[in-house]
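Read through the structure below, which is laid out as structure tokens, and then see the notes.
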Amino acid sequence: MAVSQEQMTLEDFLALPEEKPALEFEDGVVSQKVSPMGKHSRLQFNFADRVNREAEPSKLAMAFPELRASHGGNSYVPDVSVYRWDRIPIDDTGEIANRFLLAPDVAVEIVSPGQSVTALVRRCLRHVENGAGIALLIDPADESVLSFRPGQMPAVLREDDTIDLGDVLPDFNLTVQDLFDSLRIS
């Protein structure tokens, strides 16, 4: 859903106050993210938690849910952004910066009901075009993950396929089935 059809610059957009759900900026147009629902929220939490449990102790990477990342003239709020430890922006006090003006190493988008899958595919392609090593599109409706990488065709992952996070977390061990099993309460 577009909030404003009036063209603006990225700088003008970043000066706007934050809203909930978050506003995003693509091709000069401001739109509002879809509010996450149950499955979306659980998948988002589970993925970020798995990455952080594996990556933070060894200072390899850190996962951030709903973090604004501005790159390529656009400003997105991926459902999960993973940054290698040495790429996490730091402010003057040595703490994590508030503004991330670079693409994540891994960008994760999760399809919510009523959301355009084509728009999310385009977004994943943009993440990769602007520096992300991997973009993942998680689709709860058919329990699949599309993996986008620079210079490669998207790969469809299902069931026992491993979600490979490449150079960011080479030993990351999460299958598509494990991810979607987090939705089941039994």
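Assuming R0 = 22 Å, can you tell me the calculated FRET efficiency for the pair D160 and D49, based on Cβ-Cβ distance, to the nearest 0.05? Kindly include the intermediate steps, with their values, before the conclusion.
On the way: r = 21 Å, r/R0 = 0.96.
Rounded to the nearest 0.05, the efficiency is 0.55.
For E56 and A15, what does the FRET efficiency come to when R0 = 30 Å and r is the distance between their Cβ atoms, rounded to the nearest 0.05? Mind dumping the intermediate values first?
Values: r = 32 Å, r/R0 = 1.08.
The calculated FRET efficiency here is 0.40.
With a/c under 1.5 counting as rounded, go ahead and sort the range 101-186 into rounded, prolate or oblate using the C-alpha gyration tensor (a ≥ b ≥ c being the square roots of the eigenvalues; past the cut-off, prolate if a/b is larger than b/c, else oblate).
Numbers: a/c = 1.95, a/b = 1.26, b/c = 1.55.
Note, shape of the range 101-186 comes out oblate.
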- Please label the shape of the range 1-92 as rounded, prolate or oblate, based on the square roots a ≥ b ≥ c of the eigenvalues of the alpha-carbon gyration tensor (a/c under 1.5 means rounded; beyond that, a/b larger than b/c means prolate, else oblate). oblate
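Calculate the translational D of the range 52-97 in whole µm² s⁻¹ from Stokes-Einstein, where the hydrodynamic radius comes from the Kirkwood formula applied to all Cα pairs, the temperature is 4 °C and the viscosity 1.567 mPa s.
On the way: Rh = 11.5 Å.
Using the Kirkwood radius from Cα pairs, D works out to 113 µm²/s.
Between M37 and D86, what FRET efficiency follows from the Cβ-Cβ distance if R0 is 35 Å, with the result rounded to 0.05? It would help to have the intermediate numbers written out before the result.
Numbers: r = 35 Å, r/R0 = 1.00.
Given R0 = 35 Å and the Cβ-Cβ separation, E is 0.50.
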- Query: Between R184 and V29, how many nm apart are label points set 7 Å from Cα along the C-beta direction?
  - Reply: 4.0 nm
- Message: Using the Cα centre of the chain as origin and beta-carbon charges of +1 (Lys, Arg) and -1 (Asp, Glu), tell me which of N130, Q152, G38 is placed farthest towards the positive end of the dipole.
- Response: G38
- Query: Relative to the Cα centre, what is the charge dipole magnitude of the chain, using +1 at the beta carbon of each Lys and Arg, -1 at the beta carbon of each Asp and Glu, and rounding to the nearest 20 debye?
  - Reply: 180 debye
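Within the chain, what percent of beta bridges assigned by DSSP are antiparallel, to the nearest 5? Don't skip to the answer; put the middle values down first.
Values: 30 of 36 bridges.
That works out to approximately 85 percent antiparallel.
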- Between the range 1-78 and the range 113-186, how many Å separate their Cα centres? 16 Å
- Message: For the chain, what does the accessible surface come to per residue with a 1.4 Å probe? Please give it in Å².
- Response: 52 Å²
- Message: What whole-number volume per residue, in cubic angstrom, does the convex hull of the C-alpha atoms of the range 123-172 give?
- Response: 76 Å³
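Helix-only estimate, please: 222 nm mean residue ellipticity of the chain, summing -39500 (n - 2.57) across DSSP H runs of length 4 or more and dividing by its residues, to the nearest 500. Mind dumping the intermediate values first?
Details: 4 runs with 42 residues, N = 186.
That calculation yields -6500 deg cm²/dmol at 222 nm.
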- Tell me, what % of the accessible area of the range 1-153 is carbon and sulfur with a 1.4 angstrom probe? 53 percent
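How would you classify the chain from its alpha-carbon gyration tensor, with a ≥ b ≥ c the square roots of the eigenvalues: rounded for a/c under 1.5, else prolate if a/b is greater than b/c, otherwise oblate?
Values: a/c = 1.62, a/b = 1.23, b/c = 1.32.
Oblate, because a/c is 1.5 or more while a/b does not exceed b/c.
The values are calculated or read from the model by the stated rules, or taken from the named source; none is laboratory data. A quick note: this is a predicted structure, and the numbers were derived from the prediction, not measured. Quick reminder, even Gly has a Cβ in these numbers, built from the backbone with ideal geometry, and neighbours come from all protein chains shown. Ligands, DNA and RNA are stripped out before the accessible areas are found, and what is left, the full protein with its side chains, is counted by its heavy atoms. Shrake-Rupley method; radii C 1.70, N 1.55, O 1.52, S 1.80 Å.
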